[in-house]
1. Quickly work out the Asn9-to-Val92 label distance, labels modelled 7 Å from Cα along the C-beta direction, and quote it in nm with one decimal.
2. Which three numbers, in whole Å and largest first, are the semi-axes of the equivalent ellipsoid of the stretch 54-127 derived from its Cα gyration tensor as √(5λ)?
3. Give me the percent of DSSP beta bridges within the chain that run antiparallel, rounded to the nearest 5.
4. Quick one: 3J(HN,Hα) in Hz for the stretch 53-64, Karplus 6.51/-1.76/1.60 with θ = phi - 60°, rounded, Gly and Pro as x.
5. For a quick check: with amide H placed at 1.01 Å from N, whose amide H comes under 5 Å from Ser70's, ignoring anything fewer than 5 positions away on the same chain?
6. Please calculate how many Å² of accessible area the stretch 16-127 carries per residue, with a 1.4 Å probe and no DNA, RNA or ligand atoms counted.
7. Given a 1.4 angstrom probe, I'd like the percentage of the accessible area of the chain that is carbon and sulfur, rounded to a whole number.
8. Estimate the FRET efficiency between Phe85 and Arg114 by the formula 1/(1 + (r/R0)^6), using the beta-carbon distance for r and 25 Å for R0, to the nearest 0.05.
Amino acid sequence: ESECRATQNTAMPVRIAGLTRWQCVRWKKPHAISRTPKDGDAVLEAQCSTPFHALDVPSEVGNVTVWMPSQQAHYVRCPPSCQRFNLANEVVGCHIYDSRSSVCAAAVQMGVVRSAEGGLVMVVGRA
């Protein structure tokens, strides 16, 4: 017992497979995974109908290329007035969306951008 020293740690670094950044996780507190787009990544200039699928990335499975959901964060610029013109309003989900949903319609639903204005949003992929 005397050789087992007590510590006052309140957090620990955690490395999650598929992410490039360490996460600082505090004991007994919920933790959201922190991801940001890579420096130099291009902004995806979306159309009203651009689905989350547009961010998928190729992956080699055996000798076959399949498209998988991105695990990274991406910037997407949404055009204005998609809802006004009834363009691609299909959204399935709330905070976590079906990959067929429109990125821009989801951003409007979440209140991240105003429909009439559009704007830049950050989409965080699945881990």
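1. Each label point is offset 7 Å from its Cα along the Cβ direction, giving 4.2 nm.
2. 27, 12, 11
3. 90
4. Karplus values, whole Hz, x for Gly and Pro: 3, 4, 9, 4, 10, x, 9, 8, 10, x, 10, 10.
5. Here Asp56, Val57, Arg126 satisfy the definition.
6. With all protein chains present, the stretch 16-127 gives 68 Å² per residue.
7. Accessible surface attributable to carbon and sulfur in the chain totals 54 percent.
8. On the way: r = 15 Å, r/R0 = 0.60.
The computed FRET efficiency comes out at 0.95.
The values are calculated or read from the model by the stated rules, or taken from the named source; none is laboratory data. These numbers were taken from a predicted model, which means no experiment stands behind them. Neighbour counts run over all protein chains shown; Cβ positions are idealised from the backbone, glycine included. With ligands, DNA and RNA removed, areas are computed over all heavy atoms of the protein, side chains included. Shrake-Rupley method; radii C 1.70, N 1.55, O 1.52, S 1.80 Å.
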